[in-house]
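The values are calculated or read from the model by the stated rules, or taken from the named source; none is laboratory data. Note that the structure is a prediction, hence the values are computed from the model and not measured. Neighbour counts are summed over all protein chains in view; Cβ atoms, including those assigned to glycine, are modelled from backbone coordinates with ideal geometry. What goes into the accessible areas is simple: the full protein's heavy atoms, side chains included, and nothing from ligands, DNA or RNA. Shrake-Rupley method; radii C 1.70, N 1.55, O 1.52, S 1.80 Å.
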Amino acid sequence: MSDNHLVENIAYQCVTKHIHMGMGDQTAIRWLAASHEQQEISYLELEILSNQIANLLRSFGIGAGDCVSVFLPRTPELITSFLGILKVQAISCVLFSTFGENALLDRLLDNSARAIITKKSLLRRIQNIQYLLPKLEKILVIDLDEHIDNHVLSLPVLLNGTPDTFEYPARLSPDTPAFLQYTSGSTGKPKGVIHVHGGISAMLDSMTEVMDIQEGELYWCTADPAWITGLVYGVIAPLTLGVDQIQYGGAFHAVQWLGILQDYSVNVWYTAPTALRMLMQEDEQVLRAYDYSQLRKIFSVGEPLNAEIYHWGKRIFTQEINDTFFQSETGTIMIANRPGIPIRPGSMGKPLSYINAYILDESGQPVPAKQQGHLCFQAGWNSMFRGYLNKAEAYGEKFRNGYYFTGDLAWQDGDGYFWYVGRADDVINTAGHLVGPFEVESALLEIDEIMDVAVIGVPDPILHEKIIAFICLPNGQEWDRGLELKCRVNISNRVSTVAIPQEFHVVEKIPKNKSGKILRRVLKAWYQGKDPGDLSTMED
Amino acid sequence: MEEIYRKLVMVFREVFDDEKIQIFSQTTSNDIEGWDSLSHMNLMIAVELAFGIEFTQREMTSFANVGELVDCIHRKMD
């Protein structure tokens with residue numbers, strides 16, 4: 001490939017380039033730990049620490065095309081690990097620290113990670129499944145004082161004495177895989193969405209076009225980097241663009257979050273509708289006790305932003321909340337409310353200047369304005385995913401006649417604004433997390449007392465969708481709080497806390513079609529008191 | 001109180017699936033991996049079942065640390 005067609009490695013753009021430009025001493029991240037201890041991390045510190053990680057990985061023979069997973073909560077080490085992995089041209093896969101053993105095993109088996117970077121408190125979950133992962137050679141633990149054995153190693157001990165310089169090619173082929181993001185489907189195992197180094201230009205363009213962050217403004221993206229939002233708009237784009245940003249290592253807590261907005265004079269805030277809806281539940285006196293006069297822009301992502309939150313936000317923060325839409329597969333924001341475009345409360349906004357969005361029917365034909373259809377994008381935008389790992393067929397199924405089918409239903413009004421309707425499949429969007437019903441059902445079926453199960457998502461005023469489990473028990477088995485606890489704990493520890501159903505309903509039978517497929521639409525109709533429609537395919 | 005702590009640590013270990021968890025009066029959700037708002041409900045149900053007590057909704061969200069939880073359990077058991 002000619003040099004003209006090469007692009008800069010994402011890690012080079014995030015940190016090394018700043019060093020070469022003499023900006024190493026500049027603060028890259030103002031890190032606020034859960035304990036509220038503050039740490040200013042410079043570009044030079046990120047460069048040195050990621051260089052050490054890169055040297056270490058190289059010493060293990062890890063390089064281009066190998067996968068390294070990062071299983072950490074929000075910590076500075078997560079970011080330096082991500083950058084170090086990219087420097088050796090390996091593929092980074094950041095995993096939610098809330099993942100239980102099943103969720104972890106599915107992903108580590110699929111990505112064949114040769115190493116995983118984690119911390120002591122999460123180690124046990126990996127060790128419990130380690131015997132099922134023959135390709136996992138090294139478990140690097142960031143807070144272990146000494147090595148446990150040849151596989152479970154103390155990262156601080158390894159890094160002590162590891163060189164802090166690292167030579168790597170700044171430029172590479174744009175199609176070089178950079179990172180994987182896992183997304184749940186309605187059936188089967190989660191899919192690893194492949195993103196490449198060449199996607200960075202759309203990451204930067206979208207952040208510039210949508211956020212319009214000015215010199216001297218402070219930015220706060222609340223998303224975990226295990227989410228595409230947190231990785232692209234919390235790490236890659238702000239570091240590359242030199243945005244002054246704060247990162248908070250703690251979980252959602254209304255008073256603490258409002259305190260951060262006030263005490264650090266946050267100007268641009270990127271958060272999620274569930275967090276905003278949870279804030280809406282707070283006493284208005286609590287909300288009004290804080291000063292938001294420095295807050296200039298608020299953006300939201302992950303679930304549709306209903307008009308009610310928009311109006312509430314405008315009243316409390318005296319700013320409009322701008323909805324943004326994208327998916328793990330799109331890599332970057334595709335449709336958004338943003339500066340210069342009047343907001344229609346409840347709408348997704350309009351496509352970015354370089355994005356072509358359409359509402360198409362099943363056959364790929366455009367549907368008239370105001371009519372519901374599949375939300376699609378013309379394929380070929382810069383940050384478009386390049387595949388599902390090990391699932392080429394599933395990738396192919398997402399494209400028809402040059403259009404990417406998002407799996408979301410929407411409609412477009414006569415003025416070009418898009419309006420979200422819901423998922424076209426059974427995936428549940430709860431608090432911005434996509435949960436596959438299959439994963440929850442599998443965890444429930446592991447429990448001896450459960451005979452059969454089906455899981456659906458239904459609308460919820462706070463979570464957007466809540467998870468409902470329908471359970472069949474064998475004769476003589478009673479449903480009680482002990483069994484409910486067993487179900488909740490098993491889902492937490494095997495899948496994730498976000499996958500715990502809000503309600504459990506005991507039923508005599510799960511409605512299935514004649515080939516045994518769960519008829520979720522029937523369960524949804526039952527739950528919502530609606531007509532279940534055609535039942536001719538239902539088994540007797 | 002010691003008996004409550006002894007029993008409570010077993011509950012924590014079961015809920016968070018970690019045999020090594022230790023709890024103290026000043027322990028908070030920041031000290032235990034996986035103790036978030038969602039798993040907190042698991043913990044509350046498990047505590048209610050283990051001690052044969054019931055919390056009000058307000059109590060469930062009011063504990064600032066393990067010490068306050070233990071005090072509440074102690075009051076309810078009296």
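Between B:Ser39, B:Ser29, which is within 25 Å of A:Ala431 (Cβ to Cβ), at the interface with chain A (Cβ under 10 Å from one of its Cβ atoms) and open to solvent by 30 Å² or more (accessible area, probe 1.4 Å)?
Exactly one residue qualifies, and that residue is B:Ser29.
It is to be established whether one or more residues within the range A:172-191 are part of a strand (DSSP E or B), surrounded by 17 or more Cβ atoms within 10 Å (Cβ to Cβ), of a type in the set (Ser, Thr, Tyr) and in contact with a strand residue (DSSP E or B) (Cβ under 9 Å, 6 or more places away or on another chain). Spell out how you get there, then give the answer.
Step one: list which residues in the range A:172-191 are part of a strand (DSSP E or B), which gives A:172, A:177-183, A:191.
The next check asks that each one be surrounded by 17 or more Cβ atoms within 10 Å (Cβ to Cβ); those that pass are A:172, A:177-183, A:191.
Now drop any that are not of a type in the set (Ser, Thr, Tyr), which leaves A:182-183.
Cutting the leftovers down to in contact with a strand residue (DSSP E or B) (Cβ under 9 Å, 6 or more places away or on another chain) gives us A:182-183.
Looking for residues that are part of a strand (DSSP E or B), surrounded by 17 or more Cβ atoms within 10 Å (Cβ to Cβ), of a type in the set (Ser, Thr, Tyr) and in contact with a strand residue (DSSP E or B) (Cβ under 9 Å, 6 or more places away or on another chain), one finds at least one in the range A:172-191, hence yes.
Return the residues of the range A:290-316 that are open to solvent by 70 Å² or more (accessible area, probe 1.4 Å) and outside any helix (DSSP H, G or I); say none if nothing qualifies.
Within the range A:290-316, A:Asp291, A:Ser293, A:Gln294, A:Arg296 qualify.
Listed residues A:Phe377, A:Phe385; which is touching a residue at least 12 places away in the same chain (Cβ under 8 Å), closer than 30 Å to A:Leu108 by Cβ and either of a type in the set (A, V, I, L, M) or open to solvent by less than 50 Å² (accessible area, probe 1.4 Å) (or both)?
The conditions single out A:Phe385.
Could you grab me the full set of residues in the range A:21-74 that are crowded, with 18+ Cβ neighbours inside 10 Å and part of a strand (DSSP E or B)?
A:Ala28, A:Ile29, A:Trp31, A:Leu32, A:Ser42, A:Cys67, A:Val68, A:Ser69, A:Val70, A:Phe71
Going through the range A:326-366 one residue at a time, which ones are in a loop (DSSP other than H, G, I, E, B), free of Cβ contacts under 8 Å to residues at least 24 places away in the same chain and over 23 Å from A:Gly199 (Cα atoms)?
Result: A:Gly340, A:Ile341, A:Pro342, A:Asp361, A:Glu362, A:Ser363, A:Gln365.
I'd like the full set of residues that are open to solvent by 30 Å² or more (accessible area, probe 1.4 Å) and in contact (Cβ under 8 Å) with a residue 40 or more places away in the chain, limited to the range A:217-244. Working first, answer last.
Residues of the range A:217-244 that are open to solvent by 30 Å² or more (accessible area, probe 1.4 Å), as a first pass: A:227, A:241, A:244.
Residues satisfying the conditions are A:Trp227, A:Asp244.
Residue by residue, here is whether (1) loosely packed, with under 15 Cβ neighbours inside 10 Å; (2) over 23 Å from A:Phe179 (Cα atoms); (3) among the basic types (Lys, Arg); (4) free of Cβ contacts under 8 Å to residues at least 60 places away in the same chain holds:
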residue: A:Ala394; (1), (2), (3), (4): yes, no, no, no
residue: A:Leu434; (1), (2), (3), (4): no, no, no, no
residue: A:Phe438; (1), (2), (3), (4): no, yes, no, no
residue: A:Ile450; (1), (2), (3), (4): no, yes, no, yes
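Do you know which residues across the range A:6-20 are among the aliphatic types (A, V, I, L, M) and either crowded, with 23+ Cβ neighbours inside 10 Å or within 11 Å of A:Glu47 (Cβ to Cβ) (or both)?
Within the range A:6-20, the first condition is being among the aliphatic types (A, V, I, L, M), and the residues that meet it are A:6-7, A:10-11, A:15, A:19.
Residues satisfying the conditions are A:Ile10, A:Ala11, A:Val15, A:Ile19.
If you scan the range B:9-20, which residues turn out to be surrounded by 15 or more Cβ atoms within 10 Å (Cβ to Cβ), at the interface with chain A (Cβ under 9 Å from one of its Cβ atoms) and closer than 13 Å to A:Arg124 by Cα?
B:Phe16, B:Asp17, B:Asp18 - these are the residues of the range B:9-20 that are surrounded by 15 or more Cβ atoms within 10 Å (Cβ to Cβ), at the interface with chain A (Cβ under 9 Å from one of its Cβ atoms) and closer than 13 Å to A:Arg124 by Cα.
Residues are listed down the side, and each one gets a yes or a no for (1) of a type outside the set (Val, Ile, Thr); (2) within 19 Å of A:Pro238 (Cα to Cα); (3) under 26 Å from the mean Cα position of the chain (by Cα):
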{"residue": "A:Val7", "(1), (2), (3)": "no, yes, yes"}
{"residue": "A:Ala28", "(1), (2), (3)": "yes, yes, yes"}
{"residue": "A:His36", "(1), (2), (3)": "yes, no, yes"}
{"residue": "A:Leu49", "(1), (2), (3)": "yes, yes, yes"}
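Can you go through A:Arg494, A:Arg488 and tell me which one is more than 25 Å from A:Asn306 (Cα to Cα), within 14 Å of chain B (Cβ to nearest Cβ) and open to solvent by less than 30 Å² (accessible area, probe 1.4 Å)?
Values: A:Arg494 fails: open to solvent by less than 30 Å² (accessible area, probe 1.4 Å).
Of A:Arg494, A:Arg488, the one residue that is more than 25 Å from A:Asn306 (Cα to Cα), within 14 Å of chain B (Cβ to nearest Cβ) and open to solvent by less than 30 Å² (accessible area, probe 1.4 Å) is A:Arg488.
Can you tell me which residue within the range A:448-473, out of those that are β-branched (Val, Ile, Thr) and under 24 Å from A:Ser97 (Cβ atoms), is farthest from the chain's Cα centre (by Cα)?
Top of the filtered list is A:Val455.
The rows are residues; the columns are (1) among the hydroxyl-bearing types (Ser, Thr, Tyr); (2) within 14 Å of chain B (Cβ to nearest Cβ); (3) touching a Cys at 6+ places or on another chain (Cβ under 6 Å).
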residue	(1), (2), (3)
A:Glu77	no, no, no
A:Phe82	no, no, no
A:Leu86	no, no, no
A:Phe96	no, yes, no
A:Arg114	no, no, no
A:Thr118	yes, yes, no
A:Ile126	no, yes, no
A:Leu140	no, no, no
A:Thr162	yes, no, no
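Looking at (1) open to solvent by 40 Å² or more (accessible area, probe 1.4 Å); (2) farther than 21 Å from A:Leu105 by Cβ, which is the one condition that is false for A:Val507?
(1)
Has the range A:78-94 got any residue that is farther than 26 Å from A:Ser492 by Cα, open to solvent by 20 Å² or more (accessible area, probe 1.4 Å), part of a loop (DSSP other than H, G, I, E, B) and not β-branched (Val, Ile, Thr)?
Checked against the condition, which is being farther than 26 Å from A:Ser492 by Cα, open to solvent by 20 Å² or more (accessible area, probe 1.4 Å), part of a loop (DSSP other than H, G, I, E, B) and not β-branched (Val, Ile, Thr), the range A:78-94 yields at least one hit.
Filter the range A:277-287 down to the residues that are of a type outside the set (S, T, N, Q) and over 17 Å from A:Val266 (Cβ atoms), then identify the one that is most open to solvent (accessible area, probe 1.4 Å). Before you say what the answer is, go through the steps one by one.
Taking the range A:277-287 as the starting set, the residues that turn out to be of a type outside the set (S, T, N, Q) are A:277-280, A:282-284, A:286-287.
From what's left, over 17 Å from A:Val266 (Cβ atoms): A:277-278, A:280, A:282-284, A:286.
Working: A:Arg277: 10, A:Met278: 63, A:Met280: 48, A:Glu282: 65, A:Asp283: 89, A:Glu284: 68, A:Val286: 47 Å².
Step by step, filter the range A:277-287, then rank; the result is A:Asp283.
Can you tell me which of A:Pro501, A:Pro437, A:Pro511 is away from every other protein chain (no Cβ under 14 Å) and within 29 Å of the chain's Cα centre (by Cα)?
A:Pro437
Could you look through the range A:402-419, keep only residues that are open to solvent by 50 Å² or more (accessible area, probe 1.4 Å) and of a type outside the set (A, V, I, L, M, F, W, C), and pick out the one that is nearest to A:Gly188 (Cα to Cα)?
A:Tyr403
Can you report the number of residues in the range A:415-452 which are modelled with pLDDT of 95 or more and small (Gly, Ala, Ser)?
1
So which residues in the range A:510-540 are open to solvent by less than 60 Å² (accessible area, probe 1.4 Å) and of a type in the set (S, T, N, Q)?
A:Asn513
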